[in-house]
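S.K.: For reference, the structure I am asking about is given below.
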Amino acid sequence: MDGVGSFGAGLAGAAFDPVSFIKQPTTILRVLSWVFSLVVFASIVNEGYVNLGSERLHCVFNKNADACNYGVFCGLVGLLLCSFFFLLDVKFQQISSIKDRKKAVMLEVGVSGFWTFLWFVSFCFLANQWSRTAPEDLPLNQGADAARASIAFSFFSILTWAGLTVRAVQKYLLGTDMTLFTTDHLDGVAPVTPYPPTTTGGAIEPSDNYQSPPFTEGLEAPAPTYQVPIY
């Protein structure tokens, strides 16, 4: 994983390097997932419905409106999720609390794994309905290219979202390097360094011991002076 420290993101407040961020595998997979979701969404919305001699539009996937609606749903929500987690990746290093970082990583693991499953269902559902579509239902082969594109990029989305899930799990398993943080960092509070103990002759003395005032060591107390009375 890239970075050192809390969940692979390093210490909070470090300078953001856009070049290194763009080159990260997670960022590349995120952008590809965004593009694939856009293709599925746009293909179905623009050419996923045909007019068969009536004012009513029919879905190209075996006239099953649920197939088109499901593909549009996965594509649109996939776009929003990719955008959200992309912004979270940018701001992740600025999160100082380890607990908040852990919650963000756990959210990414859950959402990425769940959306991988939904894309798998989308691929199977659309491919099944397309195989049952009769040629006479698509005059002049209308919408055929959009249907094939939706099926193909649904499959590609499975791969990219599965990759994002693996990266998120690796980030979670990496956890945090506790040598870089104290207990106070768990709540996002910077620790306070106490005064160091004093040393005398190589031995460490506790800081709460009484210390004599300065410039008094080595001085002997003056003997009392008085005169013996003479009787």
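S.K.: Want the number for LEU87 to ASN46: 0.36 nm per residue separation, take away the alpha-carbon distance, what's left? All intermediate terms of the calculation are to be shown ahead of the outcome.
M.R.: Values: separation 41, 0.36 × 41 = 14.76 nm, distance 2.83 nm.
That pair, LEU87 and ASN46, stretches by 11.9 nm at full extension.
S.K.: Taking the Cβ-Cβ separation of SER97 and PHE120 as r and a Förster radius of 45 Å, what is the calculated FRET efficiency to the nearest 0.05? Intermediate values should be presented prior to the final figure.
M.R.: Numbers: r = 35 Å, r/R0 = 0.77.
Calculated transfer efficiency: 0.85.
S.K.: Run the numbers for SER54 and SER131: contour at 0.36 nm per residue of separation, minus the present Cα-Cα distance, in nm. Intermediate results must be reported in sequence, preceding the final value.
M.R.: Details: separation 77, 0.36 × 77 = 27.72 nm, distance 2.40 nm.
Here the segment from SER54 to SER131 would lengthen by 25.3 nm.
S.K.: When a/c reaches 1.5 or more, the comparison of a/b and b/c decides; with that in mind, is segment 52-177 rounded, prolate or oblate per its Cα gyration tensor? Display every interim value, and only then the final one.
M.R.: On the way: a/c = 3.98, a/b = 2.95, b/c = 1.35.
It comes out prolate by the Cα gyration axes.
S.K.: Counting only other residues whose beta carbon sits under 15 Å from that of ALA42, what net charge do I get with K and R as +1, D and E as -1? Kindly include the intermediate steps, with their values, before the conclusion.
M.R.: Numbers: positive: ARG148; negative: GLU47, ASP145.
Local net charge: -1.
Readers should treat all values here as calculations from the given coordinates under stated rules, not as data from a laboratory. Just so it is clear, the structure is predicted and the values come from calculations on it, not from any experiment. Positions of Cβ are backbone-derived with ideal geometry, glycine not excepted, and every protein chain shown enters the neighbour counts.
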